[in-house]
1. Would you point out which residue out of Ala65, Ala28 is out of contact with any helix residue (DSSP H, G or I) (no Cβ under 7 Å at 6 or more places or on another chain) and free of Cβ contacts under 8 Å to residues at least 12 places away in the same chain?
2. From Leu52, Leu73, Leu61, which residue is under 17 Å from His90 (Cβ atoms) and open to solvent by 90 Å² or more (accessible area, probe 1.4 Å)?
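The values are calculated or read from the model by the stated rules, or taken from the named source; none is laboratory data. Because the structure is predicted, anything quoted here is derived from the model rather than measured. Positions of Cβ are generated from backbone atoms using ideal geometry, with glycine treated the same way; all protein chains shown enter the neighbour counts. Note: areas computed on protein heavy atoms with side chains; ligands, DNA, RNA excluded. Shrake-Rupley method; radii C 1.70, N 1.55, O 1.52, S 1.80 Å.
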Amino acid sequence: MDTTLAAVLITASVSIGGSWLVARQSAANRYQQRIKDLEDRDAKWEDRCNVLWAAREADALIKRAQGDHIDVLEDHIWHHKPPPPPPRPHIV
(Lines give C-alpha, C1' and ligand atoms only; values in the text may rest on other atoms or scores of the structure.)
Protein backbone atom coordinates (compact mmCIF):
# COMPACT_ATOMS: atom_id res chain seq x y z
CA MET A 1 0.00 0.00 0.00
CA ASP A 2 1.21 3.44 -0.86
CA THR A 3 2.18 5.60 2.14
CA THR A 4 0.13 8.50 0.78
CA LEU A 5 -2.99 6.32 0.61
CA ALA A 6 -2.30 5.06 4.14
CA ALA A 7 -1.88 8.62 5.38
CA VAL A 8 -5.15 9.68 3.71
CA LEU A 9 -7.02 6.70 5.20
CA ILE A 10 -5.63 7.36 8.69
CA THR A 11 -6.46 11.06 8.45
CA ALA A 12 -9.97 10.28 7.22
CA SER A 13 -10.62 7.76 10.01
CA VAL A 14 -9.30 10.15 12.68
CA SER A 15 -11.44 12.93 11.20
CA ILE A 16 -14.56 10.78 11.14
CA GLY A 17 -13.89 9.50 14.67
CA GLY A 18 -13.32 13.01 15.95
CA SER A 19 -16.48 14.29 14.28
CA TRP A 20 -18.44 11.43 15.78
CA LEU A 21 -17.10 12.19 19.28
CA VAL A 22 -17.90 15.90 18.94
CA ALA A 23 -21.42 15.13 17.71
CA ARG A 24 -21.96 12.64 20.51
CA GLN A 25 -20.78 15.12 23.16
CA SER A 26 -22.93 17.86 21.65
CA ALA A 27 -25.99 15.59 21.79
CA ALA A 28 -25.19 14.68 25.39
CA ASN A 29 -24.93 18.37 26.28
CA ARG A 30 -28.30 19.07 24.65
CA TYR A 31 -29.89 16.20 26.58
CA GLN A 32 -28.39 17.43 29.84
CA GLN A 33 -29.68 20.96 29.17
CA ARG A 34 -33.13 19.60 28.33
CA ILE A 35 -33.19 17.60 31.55
CA LYS A 36 -32.19 20.71 33.53
CA ASP A 37 -34.90 22.75 31.79
CA LEU A 38 -37.51 20.11 32.62
CA GLU A 39 -36.39 19.96 36.25
CA ASP A 40 -36.66 23.76 36.50
CA ARG A 41 -40.11 23.65 34.92
CA ASP A 42 -41.18 20.91 37.32
CA ALA A 43 -40.00 22.98 40.29
CA LYS A 44 -41.99 25.99 39.06
CA TRP A 45 -45.14 23.88 38.68
CA GLU A 46 -44.63 22.46 42.16
CA ASP A 47 -44.32 25.98 43.58
CA ARG A 48 -47.49 27.05 41.78
CA CYS A 49 -49.36 24.01 43.11
CA ASN A 50 -48.20 24.78 46.66
CA VAL A 51 -49.45 28.36 46.33
CA LEU A 52 -52.80 27.15 45.01
CA TRP A 53 -53.18 24.60 47.82
CA ALA A 54 -52.41 27.28 50.42
CA ALA A 55 -55.03 29.58 48.86
CA ARG A 56 -57.52 26.70 48.80
CA GLU A 57 -56.95 25.97 52.49
CA ALA A 58 -57.36 29.65 53.38
CA ASP A 59 -60.58 29.78 51.36
CA ALA A 60 -61.87 26.68 53.13
CA LEU A 61 -61.24 28.31 56.51
CA ILE A 62 -63.16 31.42 55.46
CA LYS A 63 -66.09 29.37 54.17
CA ARG A 64 -66.13 27.29 57.34
CA ALA A 65 -66.17 30.43 59.49
CA GLN A 66 -68.98 31.91 57.38
CA GLY A 67 -70.97 28.68 57.68
CA ASP A 68 -70.51 28.70 61.45
CA HIS A 69 -71.69 32.32 61.56
CA ILE A 70 -74.81 31.39 59.60
CA ASP A 71 -75.54 28.72 62.20
CA VAL A 72 -75.13 31.32 64.98
CA LEU A 73 -77.47 33.73 63.15
CA GLU A 74 -80.11 31.03 62.61
CA ASP A 75 -79.91 30.12 66.30
CA HIS A 76 -80.31 33.80 67.18
CA ILE A 77 -83.42 34.06 64.99
CA TRP A 78 -84.98 30.80 66.16
CA HIS A 79 -84.64 31.80 69.80
CA HIS A 80 -86.33 35.15 69.02
CA LYS A 81 -83.45 37.13 70.43
CA PRO A 82 -83.56 40.89 69.90
CA PRO A 83 -81.15 42.88 67.76
CA PRO A 84 -78.28 43.31 67.30
CA PRO A 85 -77.34 40.01 65.73
CA PRO A 86 -74.11 38.29 66.76
CA PRO A 87 -71.05 39.94 65.17
CA ARG A 88 -69.31 38.39 62.21
CA PRO A 89 -66.23 36.37 63.05
CA HIS A 90 -62.94 38.10 62.46
CA ILE A 91 -61.26 36.23 59.60
CA VAL A 92 -57.57 36.80 59.03
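1. Just a single option satisfies the conditions, and that option is Ala28.
2. Residue meeting the stated conditions: Leu61.
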